[in-house]
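*Asks:* Got a structure here, written out as structure tokens. Questions coming.
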Amino acid sequence: MKKISARRIFLLVLTAILALGALVFFVEYFISADQWVAFSGSPHLYTGANLNCGVVTDSSGEELLDTRQGRTYSTDAEMRKAFLHLLGDRDGYISAPMLGAYAERMIGYNKFTGLYGAQTGGAVTTLTVSAAAQRAAMQALDGYRGTIGVYNYKTGEILCAVSSPSYDPDNVPDVAGDETGSYEGVYVNRFFDVTYTPGSIFKLVTSVAAIDTIPDIYQQTFTCAGRQIIGGQEVICSGVHGQINFSEGLARSCNIVFGNIAEQLGAKTLERYARRLGLGESFDCAGYHTKAGNVDLSEADAGDTAWAGIGQYSIEVNPYAYMRFMGILGGGGEAAEPYLVESITEGDKTLYSAQRTSTGQLASSNAAEKMATMMHYNVVTIYGTDRFPPYYVCAKSGTAEQEGKPAHATFAGFIKDDDYPLAFVVFVENAGAGSAVAAPMAGQVLDACIEAMQK
């Protein structure tokens, strides 16, 4: 009898363990089944690294990609090139992390019917991006390597995120055999995955730090004779500006002014502000993990710090992060976090809808207000308002020197307008002066973004 009782207890315990295991499995199944089904190795849903299920449209509903039966891209060749780095190619050489990030919602998977929904239609994913703005950006870059990004800093919607060079996924070139250099770095998304020496647009970071921490910054004057020894190193300016103050120094992009200001700030303060504004971080955006910038000044002496405040030394920034910084200035020190996917729907059912999230107050409202005034003065007196939409545009150009190569052209800013609160960045590799090359590109793309917002 004792043996029978022991066996009964053993069977009861074993049954309880099995029942508990089954319960845990079913609970986990209902929580995580969508993610299990959408794993990137699934041959039913993926070709290479890219998801093959659902329809993707731009913000206006224009169809960009239909992956229900293979991959059918836009009928417009320029559009296919403009969206290549967001949507990926057929072979997975250029991946589309965005599609993978939302795979479980896009595939139309049902916990009871399995992948039937995926095979019969799937969902419609609507991006925040404007097809017209993407096309305008690709045309503006016109074969240059680089990137252009624009986003609504009030809502967080990214309207433009173009990377160049690109190619038509319906007419794939011989990238490996190309000897012209036209496709150098074509597999890299320059908006998310690259960092650049910013050049003089980094003077905006130095300016924010100066406004907050140097009480008499607006009373100081500097003497620019074209070159000056600062912190034991010679700092060279592109002009000879004579007696010049802080505001005019930003407009004229005077290296002597900002080398001296950076020396006053010191490396720790300058680095602290760059990090606070997000320029040393990696961000997550729709499956992309942006490349973190380099703002480490721990080994910088006074001369190195002077060059860092100008936007040279070892400073590097990511375009997405810098666009976000421009949104922070435009938003009075706080902005919406950028995002790419507006909604995912299946018939009348909404599977996903984006929600605004905030950066938090990362710059003082005083500094942001004063920066807007000075940056608008740059546009009025230096770049010319005729290059830009008829709104309160605030901007700064940069020319980032590259050893042995032409400089990178940079341009960044925002529109201070409640109806069109757009922050933007332009990075053009080895193209020369930012004001001559990158600024007109920004104007073209902003026009397209505003036109898209008016529809």
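The values are calculated or read from the model by the stated rules, or taken from the named source; none is laboratory data. The structure displayed is predicted, hence computed values, not measured ones. All Cβ positions, even for glycine, are placed from backbone atoms using ideal geometry, and neighbour counts span all protein chains on display. Just the protein is used for accessible areas: all its heavy atoms, side chains included, with ligands, DNA and RNA removed. Shrake-Rupley method; radii C 1.70, N 1.55, O 1.52, S 1.80 Å.
*Asks:* Can you tell me which residue is farthest from Gly239 (Cα to Cα) among those in segment 424-455 that are polar (S, T, N, Q) and part of a helix (DSSP H, G or I)? Steps first, answer last, please.
*Replies:* Filtering segment 424-455 for residues polar (S, T, N, Q) gives 430, 435, 444, 454.
Adding the requirement that they be part of a helix (DSSP H, G or I) leaves 435, 444, 454.
Details: Ser435: 15, Gln444: 29, Gln454: 41 Å.
Of everything passing the filter in segment 424-455, Gln454 is farthest from Gly239 (Cα to Cα).
*Asks:* Something else now. Gly287 - would you say it is over 21 Å from the mean Cα position of the chain (by Cα) and open to solvent by 10 Å² or more (accessible area, probe 1.4 Å)? Before the answer, list the steps.
*Replies:* Numbers: over 21 Å from the mean Cα position of the chain (by Cα): no; open to solvent by 10 Å² or more (accessible area, probe 1.4 Å): yes.
Here the answer is no, as Gly287 does not meet what is asked.
*Asks:* The conditions are (1) touching a helix residue (DSSP H, G or I) at 6+ places or on another chain (Cβ under 7 Å); (2) acidic (Asp, Glu); (3) in contact (Cβ under 8 Å) with a residue 60 or more places away in the chain, and Asp418 fails exactly one of them. Which is it?
*Replies:* (1)
*Asks:* Still on this model: Strands (runs of 3 or more DSSP E) wholly in segment 176-262 with at least 2 residues that are modelled with pLDDT of 95 or more and closer than 23 Å to Val428 by Cβ - which ones?
*Replies:* So the answer is none; nothing clears 2.
*Asks:* While we're on this one: Could you look through segment 153-188, keep only residues that are closer than 30 Å to Ala335 by Cβ and among the charged types (D, E, K, R), and pick out the one that is surrounded by the most Cβ atoms within 10 Å (Cβ to Cβ)?
*Replies:* Across segment 153-188, the extreme among qualifying residues is Glu157.
*Asks:* Still on this structure, I have one more. Please specify each residue of segment 238-267 satisfying the condition of being open to solvent by less than 40 Å² (accessible area, probe 1.4 Å), of a type in the set (S, T, N, Q) and either touching a helix residue (DSSP H, G or I) at 6+ places or on another chain (Cβ under 7 Å) or within 21 Å of Val380 (Cβ to Cβ) (or both). Outline the logic, then answer.
*Replies:* Kept after step one, since they are open to solvent by less than 40 Å² (accessible area, probe 1.4 Å), are these residues of segment 238-267: 239, 242, 244, 246-247, 249-251, 253-262, 265-267.
If we keep only those that are of a type in the set (S, T, N, Q) too, we end up with 247, 253, 255, 260.
Matches in segment 238-267: Ser247, Ser253, Asn255.
*Asks:* Please determine, by comparing only the residues of segment 402-455 that are under 27 Å from Thr128 (Cβ atoms) and of a type in the set (Asp, Glu), which one is surrounded by the fewest Cβ atoms within 10 Å (Cβ to Cβ).
*Replies:* Restricting to residues being under 27 Å from Thr128 (Cβ atoms) and of a type in the set (Asp, Glu), the top hit is Asp418.
*Asks:* When you check Ala225 against the structure, is it open to solvent by less than 10 Å² (accessible area, probe 1.4 Å) and closer than 29 Å to Ile310 by Cβ, yes or no? Step through it out loud before you land on a result.
*Replies:* Values: open to solvent by less than 10 Å² (accessible area, probe 1.4 Å): no; closer than 29 Å to Ile310 by Cβ: yes.
It is false that Ala225 is open to solvent by less than 10 Å² (accessible area, probe 1.4 Å) and closer than 29 Å to Ile310 by Cβ.
*Asks:* For segment 366-382, check the following and say yes or no: at least one residue is of a type in the set (D, E, K, R), within 30 Å of Thr57 (Cβ to Cβ) and open to solvent by 20 Å² or more (accessible area, probe 1.4 Å). Working first, answer last.
*Replies:* From segment 366-382, those of a type in the set (D, E, K, R) are 369-370; that's our starting set.
Those still in the list that are within 30 Å of Thr57 (Cβ to Cβ) too: none.
No.
*Asks:* Could you list, in sequence order, all residues of segment 302-347 that are within 26 Å of Glu403 (Cβ to Cβ), open to solvent by 30 Å² or more (accessible area, probe 1.4 Å) and either aromatic (Phe, Trp, Tyr) or free of Cβ contacts under 8 Å to residues at least 24 places away in the same chain (or both)?
*Replies:* Those that are within 26 Å of Glu403 (Cβ to Cβ), open to solvent by 30 Å² or more (accessible area, probe 1.4 Å) and either aromatic (Phe, Trp, Tyr) or free of Cβ contacts under 8 Å to residues at least 24 places away in the same chain (or both): Trp307, Tyr313, Ser314.
*Asks:* Do the conditions hold for Glu299, that is, is it open to solvent by 30 Å² or more (accessible area, probe 1.4 Å), part of a helix (DSSP H, G or I) and modelled with pLDDT of 95 or more? Steps first, please.
*Replies:* Working: open to solvent by 30 Å² or more (accessible area, probe 1.4 Å): yes; part of a helix (DSSP H, G or I): no; modelled with pLDDT of 95 or more: yes.
No, not satisfied.
*Asks:* Of all residues in segment 400-415, which are over 20 Å from the mean Cα position of the chain (by Cα) and touching a residue at least 60 places away in the same chain (Cβ under 8 Å)?
*Replies:* Of the residues in segment 400-415, the ones over 20 Å from the mean Cα position of the chain (by Cα) are 401-407.
Within segment 400-415, Glu401, Gln402, Ala407 meet the criteria.
*Asks:* Report the residue count in segment 65-84 for those that are under 21 Å from Leu141 (Cα atoms) and either open to solvent by 10 Å² or more (accessible area, probe 1.4 Å) or outside any helix (DSSP H, G or I) (or both). Outline the logic, then answer.
*Replies:* Pass one, segment 65-84, residues under 21 Å from Leu141 (Cα atoms): 74, 76-84.
When the remaining residues are screened for being either open to solvent by 10 Å² or more (accessible area, probe 1.4 Å) or outside any helix (DSSP H, G or I) (or both), the result is 74, 76-78, 80-81, 83.
Result for segment 65-84: 7.
*Asks:* Among residues belonging to segment 121-137 that are of a type outside the set (Ser, Thr, Tyr) and modelled with pLDDT under 95, point out the one that is most open to solvent (accessible area, probe 1.4 Å).
*Replies:* Narrowing segment 121-137 to residues of a type outside the set (Ser, Thr, Tyr): 121-124, 127, 129, 131-137.
Filter once more, so that each one left must be modelled with pLDDT under 95: 121-124.
Numbers: Gly121: 15, Gly122: 16, Ala123: 1, Val124: 54 Å².
Checking each candidate, the answer is Val124.
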